[in-house]
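Trainee: My questions all concern the structure below.
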Amino acid sequence: MSTAVTELIIEVFRLNGGLLAAGDQLVKDKGLTSSRWQVLGAIDMSPHSLPVAQIARNMGLSRQAVQRLCNALCEDGLVEFAGNPQHARAKLVVMSDIGKLAFADAMALQGPWAAGLAEGISVPDLETTIRVLRSLRGKLEIN
């Protein structure tokens, strides 16, 4: 069992590297990178504005890495920092109109790209893979 899990982990690492490289290529003409796109996606998926630390937790990344990305996104006008009524020092990250447009453009590219990537893989296989990956992630989050 541990050999299979180790092989899965290595494959996930390789997949992550490939997804980041492919994502960079996909959105480079939109002025984004995979990392910036991920942060915009985390902001977009939240029902309310979040501080950097919460975005980082949601993404499974360090607060420092997300802070650097948010600072760069702010410099490029894609996000803005807003006051946080819950915490004076932990500003909320809000997508600007420019950021919303860049994210929408990236997502318009992502749909057809993802469909092509999944070609030949059955929906039940994808659903099983999602369940396994979520289960493993859940075990990591407990520790």
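Trainee: How many nm is it between the label spots at R68 and H87, if each spot is 7 Å from the Cα in line with the beta carbon?
Mentor: Once both label points are built, they end up 2.1 nm from each other.
Trainee: Which whole-number percent gives the relative contact order of the chain, counting Cα pairs below 8 Å spaced six or more residues apart?
Mentor: 20
Trainee: A further question follows. Hey, what did the stretch 77-143 get for relative contact order, percent, Cα under 8 Å, at least 6 apart?
Mentor: It rounds to 22 percent for the stretch 77-143.
Trainee: Based only on Cα atoms, what Rg/Rh ratio does the chain have, Rh being taken as Kirkwood's radius?
Mentor: Here Rg/Rh amounts to 1.00.
Trainee: Considering only protein heavy atoms and a 1.4 Å probe, what is the carbon-and-sulfur percentage of the accessible area of the chain?
Mentor: 59
Trainee: As a check on your grasp of the helix formula, calculate [θ] at 222 nm for the chain: sum -39500 (n - 2.57) over DSSP H runs of n ≥ 4, divide by the residue count, round to the nearest 500.
Mentor: -23500 deg cm²/dmol
Trainee: Further question: Roughly speaking, what is the stretch gain from V132 to M107, that is 0.36 nm per residue apart minus the C-alpha to C-alpha distance, in nm to one decimal?
Mentor: This chain segment gains 6.5 nm when fully extended.
Trainee: Please compute one quarter of the surface area of the Cα convex hull for the stretch 21-73 and express it in square nanometres.
Mentor: That works out to 3.7 nm².
The values are calculated or read from the model by the stated rules, or taken from the named source; none is laboratory data. Predicted, not measured: the structure shown is a model, and the values here were computed from it. Backbone-built Cβ (ideal geometry, glycine too); neighbour counts: all protein chains shown. Just so you know, the surface numbers come from the protein's heavy atoms only, side chains and all, with ligands and any DNA or RNA stripped out. Shrake-Rupley method; radii C 1.70, N 1.55, O 1.52, S 1.80 Å.
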